[in-house]
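Okay, so here's the structure we're looking at.
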Amino acid sequence: MKFCDKCGSHMKKTKVGFVCRKCGTVIHASAGIETENMKKIERSSSIYVVDSSEDEYVKVSQVCPKCGNTEAFRWFSGVSGEHAGIRRERAIEHFKCTKCSHSWSEAS
Ligand SMILES: [Zn+2]
Ligand SMILES: [Zn+2]
């Protein structure tokens, strides 16, 4: 229940906020809208969370520099750095030999 600041009458709750039916004063429910937007931002940012679970490992044909095996697991990781003042994201390719477990990486 909300009362009008101007005339003290009961205000009617609407979609945009509280409206005084006597003098026409409108109090926008901006606080509620802000909270909703915050929730939306939180939800969208969660998409960018990097999931580094082992399920994402892919077996590829890659020659192991240590034992010469031709199969290795591959996964990617992102590295952000600055080069000549420009901020950029780089993807690094990681490999792990299926035979001797030797791991190495290559910047793509
Ligand atoms: Zn009023
Ligand atoms: Zn190997």
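The values are calculated or read from the model by the stated rules, or taken from the named source; none is laboratory data. Here the structure is a predicted model, which means the values were calculated and not measured. All Cβ positions, even for glycine, are placed from backbone atoms using ideal geometry, and neighbour counts span all protein chains on display.
Scanning the range 57-108 for residues that are of a type in the set (D, E, K, R) and loosely packed, with under 12 Cβ neighbours inside 10 Å gives 59, 82, 87, 88, 89, 106.
Of all residues in the range 42-57, one or more are outside the structural domain of residue 19 (by TED's automatic domain parsing) and at pLDDT 70 or above.
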